[in-house]
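What follows is one structure encoded as structure tokens, with my remarks underneath.
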Amino acid sequence: MTKITTLLGIKYPVIQGAMQTVATANLAAAVSNGGGLGVIAAGGLSASELRAQIRQAKQLTSHPFAVNLMLMATNTSELVQVIIAEQVPVVTTGAGTPKAYLPTLKAAGIKVIPVVPNVTIAKKMAALGVDAVIAEGMEGGGHIGELTSQVLWPQIADAIDIPLIAAGGIADGRGVVSALALGAAGVQCGTIFSIAQESPVGDRWRQAVIKATDTATVVVGRSIRDASRALKNQQTEQLQALETQTTDRIVFNQALNQGLKLAVTTDDVTNGVIFSGQVAGLINEALPAATIVQRLMADAQTVLQQLPTSLEAL
């Protein structure tokens, strides 16, 4: 048991990343059935679409799951009302501060966990009264910050008195143990769940991640202060070119999101955007989501048992 498993009512301290378009009810339920916390990504969904996703997840699992809110969305207030009405127990947030919605969510008994990129924001979120924070290093896929996990996790752990969930660069037991050693009470994984058998992505996406090397990803959007990591392909080259032509974040993100949707819905790995972390180089198979959760924990236990008992044993 960790602070996170107790807080969220789950068996294992593993949270599935909130990957827009990829984190569907089917995937979230499968993760929750495996003992972790599945997450439905609300980004890009209407209120009625989110309600349908939540109800589908309820049909597929009796275990807790979460909804992620991208706070820049113009319909966030509507989505919050759906979450409350459907009695979702946990909300994770990104792309903004949950301050405006926090009292309403907390009054409904919902745990609120924002994603944070640095110590300053982590401290602000703790002061607001959130239940935990997810600290994501820049090794992760999708939208990222500027700090690496190795330096980010311990600094945030030292700065706050609420549980820390570590994200960015975790796909095996070594990553889990590293995160726990650096002050985390749980981990969030995205890339490895993006190719789970219950994920909506196609076989070409899965194979692209499985075949990826340690240098297979690229960051786009950094020059306009909206960095995202994805596998290198023709589309990321076009997005890099777009950066030189515009500083309009809305225009850039529209192109990015269109590329992501194309990759998910048509399995086009050339003209689509395949969000992926640098950890893709460690991933060599697509497994059921429940198996991923359980292997992470079993692998972490093996790693712990193999550690030397003293520095003299090194």
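We did not get these values from a lab; they are worked out from the coordinates using the rules stated. A quick note: this is a predicted structure, and the numbers were derived from the prediction, not measured. All Cβ positions, glycine included, derive from the backbone under ideal geometry; neighbour counts span all protein chains shown.
Based on DSSP loop calls and a cut-off of at most 13 other Cβ atoms within 10 Å, the longest stretch of the chain free of exposed trypsin sites (Lys or Arg not before Pro) is what? That would be 1-210. Only one residue of Leu128, Gln197, Leu304 has its Cα farthest out toward the positive end of the dipole of the chain, where Lys and Arg carry +1 and Asp and Glu -1 on Cβ, and that residue is Leu128. Packing, taken as the mean count of other beta carbons within 10 Å per residue, orders the peptides 128-136, 185-193, 264-272 from highest to lowest as 185-193, 128-136, 264-272. Here the calculated FRET efficiency for Gln155 and Ala127, from their Cβ-Cβ distance with R0 = 22 Å, stands at 0.85, rounded to the nearest 0.05. Within the shell defined by Cβ-Cβ distances under 13 Å, the residues around Glu136 carry a net charge of -1, with Lys and Arg each +1 and Asp and Glu each -1.
For the chain, the alpha carbon positions stretch 55, 46, 38 Å along the principal axes, listed from largest to smallest. Here Ile162 and Asn75 are evaluated by their C-beta separation; at R0 = 41 Å the FRET efficiency comes out at 0.90.
If you take the Cα centroid of the range 243-303 and the Cα centroid of the range 61-108, the two points sit 23 Å apart. For the peptides 150-161, 16-27, the ranking by mean Cβ contacts within 10 Å, running from highest to lowest, is 16-27, 150-161. Bridges between two residues of the chain, per DSSP, are antiparallel at a rate of about 20%.
Pairs exceeding 25 Å between alpha-carbon atoms, taken from Lys3/Lys211; Lys11/Lys106; Lys11/Lys111; Lys211/Lys261; Lys58/Lys232: Lys3/Lys211; Lys58/Lys232.
Note on the range 217-266: dipole from Cβ charges, positive end direction compared against Gly259, Leu242, Val219; the farthest Cα belongs to Val219.
When the chain is treated as a GNM, springs tying every alpha-carbon pair under 10 Å, which of Gly183, Gly140, Gly38 comes out with the largest mean-square fluctuation? Result: Gly183 has the largest fluctuation of those listed. Using C-alpha pairs under 8 Å with a sequence gap of at least 6, the mean separation divided by the residue count of the range 217-266 gives a relative contact order of 29 percent.
In the range 217-266, the inverse of the mean reciprocal separation of distinct Cα atoms equals 10.8 Å; this is its Kirkwood hydrodynamic radius. Given R0 = 35 Å, the distance between the Cβ atoms of Thr213 and Gln245 translates into a calculated FRET efficiency of 0.75.
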